[in-house]
Amino acid sequence: MKILIAGLGSIGQRHARTLRTLLGERLELLAYRVQGGSRVIGEAGGATTPEEAFGIRSFRRLDEALAEKPDAVFVTNPTALHLPVAQAAAEAGCHLFVEKPLAHEWEGIERLIATVERRDVVAMVGHQLRFHPGLSALRSLLADRAVGRPLAAQLEFGEYLPAWHPWEDYRQSYAARPELGGGVLLSQLHDLDYACWLFGMPARVYAVGGHLSSLEIGVEDVASVTLECRDEGRLLPVHVHMDYLQRPPVRTCRVIGEEGRLLLDVQAGTLTVVGVDGRTVERSVGIDRNELFVREVRHFLACIAGTEQPLVTLRTAAESQRVALAARASIASGKPVELPSVHPPTGRRAPR
């Protein structure tokens, strides 16, 4: 199998390592990278470049890389550069894996979706939290009405941006720069994505936030977003807080139901059910973070083989993208933003 990776930063190298582990010598690995000289991130085995570490042939021109006719392309360059590469790969008939977020703006997304459907290629967006056993278990509990009808939900994510990649200057990272598509709303789109997965698309979005800290960045580092969702036609407010600031990191989801509450703590690896009588049941749902990426890539390969269907399609990813862009617009205007597409969560039970 021949796979092209467009971008050999942290996530590009993670996928290269995972692909090499899963496919071994059956894999011919190519890379498209505008700049050379990246250090090897993680275990290098004495290698000094990603090419040497993972057995990669690199190209400086995308057309030359696509002329090699790869079976699939992983789009792992900075967010603002995703769509041109993804569009060219889809036009060339390559299966497509795009790291989240799909893009930094809406323009071009519908064209890409149309191309993927016309060319009939597999396309998936990398939201690895969809493969977390805790989220799948939480989704099943919601479907089973384990705490009755949900009345409200509170999601929180926080992690100190300078600690993300200690080997680089955080001020130069894509997450910190507006021209590369940075900002907590898009860089950590995971939480808005799984909010939509659990509770459906909101009818309206209201957000406050912005660049509130002393971090030397040009994007929002705090966003508090309220999603106006529905459950069986009744209002279900979902609040999502996201920031680049908290130490140690936090990622939680609390659901308040008529008959109790649910609490998922991703960092602690626990899922807790609390009944109205105070009875508490806690289960372990911890998983090694890298295993999420392994499961995600294995799933994508199974989709190419025709044995599974993409868990996060371009259309699915576009919906959470729409929510993030609406939140950003709400912060700028100080007003709620109505969304055109409203529907309940897809399916009542988690697929995995």
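Observations, loosely collected:
- Test: residue in the stretch 29-48 that is surrounded by fewer than 15 Cβ atoms within 10 Å (Cβ to Cβ), touching a residue at least 60 places away in the same chain (Cβ under 8 Å) and either outside any strand (DSSP E or B) or not assigned by TED's automatic domain parsing to the domain that holds D169 (or both): yes
- Answer residue from the stretch 210-226, given it is touching a residue at least 60 places away in the same chain (Cβ under 8 Å) and touching a Lys or Arg at 6+ places or on another chain (Cβ under 9 Å) and is surrounded by the fewest Cβ atoms within 10 Å (Cβ to Cβ) among those: E220
- Only one of G257, G183, G233 that is at positive phi and in contact (Cβ under 8 Å) with a residue 60 or more places away in the chain: G183
- Scanning the stretch 117-127 for residues being touching a residue at least 12 places away in the same chain (Cβ under 8 Å) and either in a loop (DSSP other than H, G, I, E, B) or surrounded by fewer than 21 Cβ atoms within 10 Å (Cβ to Cβ) (or both) gives a total of 4.
- Options K100, K69: the member that is under 30 Å from E220 (Cα atoms) and either of a type outside the set (S, T, N, Q) or not assigned by TED's automatic domain parsing to the domain that holds L189 (or both): K100
- When residues of the stretch 6-28 are limited to those that are of a type in the set (G, A, S) and not in a helix (DSSP H, G or I), the one nearest to E64 (Cα to Cα): A6
- Residues considered: L62, L102, L81, L66. Of these, the only one that is within 25 Å of I287 (Cβ to Cβ) and crowded, with 16+ Cβ neighbours inside 10 Å is L102.
- Just so you know, in the stretch 126-168 the residues that are among the aromatic types (F, W, Y) and under 21 Å from G12 (Cα atoms) include one that is modelled with the highest pLDDT, and it is F131.
- The one condition in (1) assigned by TED's automatic domain parsing to the domain that holds L245; (2) surrounded by 15 or more Cβ atoms within 10 Å (Cβ to Cβ) that I109 fails to fulfil: (1)
- Residue that is assigned to a loop (DSSP other than H, G, I, E, B) and β-branched (V, I, T), where the choices are T307, T316: T307
- Y194 being modelled with pLDDT under 95 and either crowded, with 16+ Cβ neighbours inside 10 Å or charged (D, E, K, R) (or both): no
The values are calculated or read from the model by the stated rules, or taken from the named source; none is laboratory data. All of these numbers come straight from a predicted model, not from anything done at the bench. We place every Cβ from the backbone using ideal geometry, glycine too, and count neighbours over all the protein chains shown.
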